[in-house]
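Report on the following structure.
The values are calculated or read from the model by the stated rules, or taken from the named source; none is laboratory data. As the structure is a prediction and not an experimental result, all values here were calculated from the model. Cβ placement follows ideal geometry from the backbone for every residue including glycine, while neighbour counts extend to all protein chains displayed. Just the protein is used for accessible areas: all its heavy atoms, side chains included, with ligands, DNA and RNA removed. Shrake-Rupley method; radii C 1.70, N 1.55, O 1.52, S 1.80 Å.
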Amino acid sequence: MQSPTYILAIESSCDDTSVAVLKNTEVLSNVICTQNVHEEFGGVVPELASREHQKNIVPTVFRALKQANINLEEIAAIGFTRGPGLMGSLLVGVSFVKGLSLALNKPLIEVNHMQAHILAHFAENNKSNNKPKFPFLCLTVSGGHTQIVLVKSVLDFELIGQTKDDAAGEAFDKVAKIMGLPYPGGPVIDKLAKQGNPNRFKFPIASIPDHDFSFSGLKTAILYFLRDSIKEDPDFIENNQTDICASIQYTIVKTLILKLEKASKDLNIKQIAIAGGVSANSELREALTARENSLGWETYIPNFEFCTDNAAMIGISAYFKYLKGDFTDLSVIPEARMKL
Ligand code: KG4
Ligand code: ZN
């Protein structure tokens with residue numbers, strides 16, 4: 001039997017420092033060090049994020065190795081996020097792995113963060129262990145991106161549609177901020193929406209051609225709606241919090257699902273996956289599963305720990321590239337706007 005390949009993976013694209021150790025596609029450890037410093041600002045402050053990464057990266061590597069019970073000499077390669085993401089945050093990860101690669105004489109493998117969100121589906125640890133079959137469509141929805149991707153193989157991706165302005169996660173976060181809810185807004189709105197009436201308030205769904213999205217109009221519509229409602233009742237938000245959240249969530253999920261249905265129909269593909277932070281959303285997960293019966297989709301939803309940013313997904317991508325011998329040399333620089 002072939003001996004296993006151990007990959008050390010580092011994710012530092014935004015506000016989570018994460019390190020994972022993988023044995024082939026099995027995740028042995030996936031340590032996520034969340035930066036709480038941003039909470040009081042209602043969003044990620046890039047300069048603070050890079051300083052936190054600098055502080056956290058070494059202890060997080062040691063924790064991940066310890067949990068996996070693996071030492072640095074056993075590692076075959078080091079996977080890292082090259083982009084897209086915040087330049088300062090990416091720089092910390094990229095500089096760190098270059099030093100580690102030189103010191104250990106181990107090869108580097110650059111990973112595209114958005115591809116990694118999709119490839120998280122191939123973690124052996126996923127609950128169902130049922131992997132999407134190629135070609136499949138993946139709706140990747142995070143704080144920075146909203147994309148529909150045609151996945152032809154583990155290394156072949158085609159962008160079918162994307163947001164023209166705000167990402168779906170950003171819409172959740174910005175609306176939460178307007179309502180005075182904490183950051184990140186997605187999980188908070190998700191929780192409050194469970195007790196609310198999604199049909200109480202009507203918000204617009206942007207009509208954008210093809211498979212693209214737009215969420216900035218929704219944010220503005222909600223801002224004006226709340227401003228006008230508060231004029232009539234200063235406690236409007238407090239008194240109607242759950243119904244507002246349920247109605248907003250309903251609108252965002254409906255927007256996403258409508259485009260996904262269109263892409264599925266146009267491309268005649270019924271293998272449908274979701275990925276990224278917003279794929280943790282309970283209504284989106286339910287809406288997707290419901291289409292197994294109504295539309296004959298086969299759906300793939302990652303475990304919660306592989307939805308939001310994590311290094312395990314970076315490790316999976318790095319492992320597939322390792323098998324192809326696709327290594328990165330030390331001249332690599334981060335790419336904040338790295339394309340899919
Ligand atoms: O993928 P991710 O962790 O980081 C980026 O690469 O952006 O996604 C973070 C986003 C945030 O906007 C957060 O509000 C959203 O994912 N999110 C959710 C939920 N959990 C996280 N949005 C809706 N419902 C959730 N349960
Ligand atoms: Zn992400």
> Ignoring ligands, DNA and RNA, what percent of the accessible area of the chain is carbon or sulfur (1.4 Å)?
Replying inline: 51 percent
>> With θ taken as phi - 60° and the coefficients 6.51, -1.76 and 1.60, list the Karplus ³J(HN,Hα) couplings across segment 215-229 in order, rounded to whole Hz; mark glycine and proline as x.
In response: 10, 6, x, 4, 4, 5, 4, 5, 4, 5, 4, 5, 4, 5, 5
> GNM on the chain, C-alpha springs below 10 Å: top fluctuator among C14, C33, C307?
Replying inline: C33
> Over all pairs of distinct alpha carbons, what does the Kirkwood formula give as the hydrodynamic radius of the chain, in Å?
Replying inline: 20.6 Å
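In a shell of Cβ-Cβ distance under 10 Å around V19, excluding V19 itself, what net charge do Lys and Arg (+1) and Asp and Glu (-1) give? Provide the component values of the computation, followed by the final result.
On the way: positive: R63; negative: E11.
Every neighbour counted, the sum reads 0.
For segment 136-302, report the accessible area per residue in Å² (1.4 Å probe, heavy atoms, rounded to an integer).
On the way: 7280 Å² over 167 residues.
For segment 136-302, the per-residue accessible area is 44 Å².
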> What is the distance, in nm, between label points placed 7 Å from the Cα along the Cα-to-Cβ direction at S331 and at T220?
Replying inline: 4.5 nm
> List the GluC sites (Glu not before Pro) in segment 84-183 that DSSP assigns to loop (not H, G, I, E or B) and whose Cβ has at most 14 other Cβ atoms within 10 Å. Which are they?
Replying inline: E124
> aspartates and glutamates near K174 by alpha-carbon distance under 16 Å, same-chain residues fewer than 8 away left out - which ones?
Replying inline: E39, E40, D165, D166, D190
>> I need the phi-derived Karplus couplings for segment 236-241: 6.51 cos²θ - 1.76 cosθ + 1.60, θ = phi - 60°, integer Hz, Gly and Pro marked x.
In response: 3, 5, 4, 6, 10, 3
> Hey, how many Å between the Cα centroid of segment 207-225 and the Cα centroid of segment 154-182?
Replying inline: 11 Å
>> If each residue of separation counts as 0.36 nm, what is the full-extension length gain between K324 and S153 once their alpha-carbon separation is subtracted?
In response: 60.3 nm
> Do the alpha carbons of any pairs in K66/K321; K152/K321; K219/K265 sit beyond 19 Å of each other, and which pairs?
Replying inline: K66/K321; K219/K265
> What's the local net charge at Y6, with K and R +1, D and E -1, over the other residues with C-beta under 13 Å away?
Replying inline: -1
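Tell me, what is the FRET efficiency for D212 and E292 to the nearest 0.05, using R0 = 25 angstrom and their Cβ-Cβ distance as r?
Taking R0 as 25 Å, the efficiency between D212 and E292 is 0.45.
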> In percent, how large is the relative contact order of segment 94-156, given Cα pairs closer than 8 Å and 6 or more residues apart?
Replying inline: 20 percent
> Restricting to segment 18-110, what percent of DSSP beta bridges are antiparallel, rounded to 5?
Replying inline: 65 percent
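At 0.36 nm per residue, and after removing the present C-alpha to C-alpha distance, how many nm does the segment from L258 to E73 gain when stretched out fully?
That pair, L258 and E73, stretches by 61.7 nm at full extension.
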> How high is the relative contact order of the chain, in percent, with contacts defined as C-alpha pairs under 8 Å that are six or more residues apart?
Replying inline: 25 percent
> What is the extension gain from N303 to L48, computed as 0.36 nm multiplied by their sequence separation minus the C-alpha to C-alpha distance, in nm to one decimal?
Replying inline: 88.9 nm
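Using Cα pairs closer than 8 Å and at least 6 residues apart in sequence, work out the relative contact order for segment 127-204, in percent.
In percent, rounded to a whole number, it is 19.
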>> Quick check: the distance between the Cα centres of segment 101-138 and segment 13-43, to the nearest angstrom?
In response: 15 Å
> Among G143, S247, G217, which residue has its Cα positioned farthest towards the positive end of the charge dipole of segment 136-302, with +1 placed on the Cβ of Lys and Arg, -1 on the Cβ of Asp and Glu, and the dipole taken about the Cα centre?
Replying inline: S247
> Roughly how many debye, to the nearest 20, is the charge dipole of the chain about its Cα centre, given +1 on each Lys and Arg Cβ, -1 on each Asp and Glu Cβ, and no other charges?
Replying inline: 560 debye
> Say R0 is 45 Å: what FRET efficiency, to the nearest 0.05, do A103 and L340 get from their beta-carbon distance?
Replying inline: 0.90
> Looking at segment 136-302, what % of its DSSP beta bridges pair antiparallel, to the nearest 5?
Replying inline: 60 percent
> If you place +1 on the Cβ of every Lys and Arg, -1 on the Cβ of every Asp and Glu, and leave all else neutral, what size is the dipole of segment 136-302 about its Cα centre, to the nearest 20 Debye?
Replying inline: 140 debye
> FRET efficiency for K131 and V37, Cβ-Cβ distance as r, R0 = 30 Å, nearest 0.05?
Replying inline: 0.20
